[in-house]
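Notes follow the structure.
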Amino acid sequence: MSQPAFQTAPALPQQMKGVLLVGHGGPENLVYRTDLPVPQPRPGEVVIKVAAVGVNNTDINTRTGWYSKQNNSADDASWNGAALSLPRIQGADVCGHIVAVGNGVSPDRIGERVLIEPCLYEVNGEAVNPAWYFGSECDGGFADYTRVAARHAHAIQSSLEDAELASFPCSYSTAENMILRAQVRASDTVLVTGASGGVGSAAVQLAKARGATVIAVCGSSKHEQMLALGADRVLARDADLLAEIGHNRVEVVIDLVAGAGWPALLEVMKPRGRYAVAGAIGGAMVTLDVRTLYLKDLTLLGCTQLDSEVFPSLIDHIEQGRIKPLVALRFPLQAIHQAQEAFQQKQHVGKIVMTMEA
């Protein structure tokens, strides 16, 4: 007798609620539906009942075509520089429970509470390189159910709420990747730009968890919140960094802003300093004096694909209580337009999370 393709408890429904990205451009390209097919697990995969899903820059950048280097062309608008297959269910920050497993996955995993690692190295049973991004090159979590390779669904033991856990995967794994790549140590002074955002606030916490001294750069209205997170010093977004910090004073820069003020970031770094970047909310084009780079023996690190140790390290930080969630606002999934509008206003600290109806 042949084995079933997958095991599930209880039986999966046929249809689900979700949000489809149907084209590039404004929020009108996000369409809420109640009749989407529920994904079934293929060999090596699990299906997850989504409990909560976060909103992040990648969702909006993908929708608007920001990743395109051809004037927002659809030909290279995905995370890995290829055309995006539409329609697409976005959503990279997922907390939920495994409800079905494909062949090759232990049925004991059914019922596990999990966080999905957003940087995928296995899709449809095959290795992918470069990595795919959950909710970009494949469907993500803006729906009742989603599926992913079992290796990318990480069990989590925590008393935190689903919405709190959903604030972690994308932002905190990005920050942890930057911290690990930059080899942050207790003896380091770390400058974090865009510190009040999801990745920035995560980087502040993760650097402090290693004992580093942290200088946070953010909007003036958010200084008290940054100090409460553990930042040792907070500077205004428009501050003159050279005047405030001085030349050759920090070992590490964690940058999410870039933009016109970028040259000062290299000037405040000590010789042999490490610069890690994973965002450009202040502008993607910068001016580099190559003499500064080589005369100071600086290391510049572009950080996108997660190294293998990043997500397990993040899970450990969460379970040990070294970092805390920052949920700024909550919306139901059908209010995705309002959630993304609130995200783009940048008046919040931490994450905006959407919750699923029971």
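The values are calculated or read from the model by the stated rules, or taken from the named source; none is laboratory data. These numbers were taken from a predicted model, which means no experiment stands behind them. So basically every Cβ, Gly included, is an ideal-geometry build from the backbone, and we count neighbours across all protein chains shown. Calculation scope for accessible area: heavy atoms of the full protein, side chains included, ligands and nucleic acids excluded. Shrake-Rupley method; radii C 1.70, N 1.55, O 1.52, S 1.80 Å.
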For this session: Mind putting a number on the dipole of region 248-292 about its Cα centre? Charges go on the C-beta only, +1 for Lys and Arg and -1 for Asp and Glu, and I need it in Debye to the nearest 20.
Result: 180 debye
Exercise. Hey, got the dipole for region 280-356? About the Cα centre, +1 on K and R Cβ, -1 on D and E Cβ, debye to the nearest 20?
Worked result: 320 debye
For this session: For region 292-309, just list the computed ³J(HN,Hα) in residue order, Karplus coefficients 6.51, -1.76 and 1.60, θ = phi - 60°, integers in Hz, with x standing in for Gly and Pro.
Result: 4, 4, 8, 6, 9, 6, 7, 10, 9, 10, x, 10, 10, 6, 7, 5, 4, 7
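If I take every Cα pair under 8 Å that is 6 or more residues apart in the chain, average their sequence separation and divide by the length, what percent do I get for the relative contact order?
Relative contact order here is 16 percent.
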Exercise. When ligands, DNA and RNA are left out and all protein chains stay put, how many square angstrom of accessible area per residue does the chain have with a 1.4 Å probe?
Worked result: 42 Å²
Exercise. Which residue, chosen from 261, 106, 246, occupies the Cα position most advanced towards the positive end of the dipole of the chain, where the dipole is computed from +1 (Lys, Arg) and -1 (Asp, Glu) charges on Cβ about the Cα centre?
Worked result: 246
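Rounded to the nearest 500, what is the 222 nm mean residue ellipticity of the chain from helices alone, with -39500 (n - 2.57) per DSSP H run of 4+ residues and division by all residues? Don't jump to the answer; show the numbers that get you there.
Numbers: 10 runs with 81 residues, N = 358.
Result for the chain, helices only: -6000 deg cm²/dmol.
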Seminar exercise, completed: Excluding ligands, DNA and RNA, the carbon-plus-sulfur percentage of the accessible area of region 300-344 with a 1.4 Å probe reads 45 percent
Problem set entry | Amide H partners (placed H, <5 Å) of residue 234, local residues excluded | 216
For this session: Tell me which residues come under 5 Å, amide H to amide H, from residue 128 once H is placed; ignore anything under 5 positions away on its chain.
Result: 122, 123
Exercise. In whole percent, how big is the carbon plus sulfur part of the accessible area of region 192-283, probe 1.4 Å, protein atoms only?
Worked result: 50 percent
Problem set entry | Amide H contacts under 5 Å for residue 281, placed H, 5+ residues apart | 257
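What does the charge dipole of the chain about its Cα centre add up to, to the nearest 20 debye, if the Cβ of each Lys and Arg holds +1 and the Cβ of each Asp and Glu holds -1? Intermediate values should be presented prior to the final figure.
Working: 29 positive and 36 negative charges, 90 e Å.
The dipole magnitude comes to about 440 debye.
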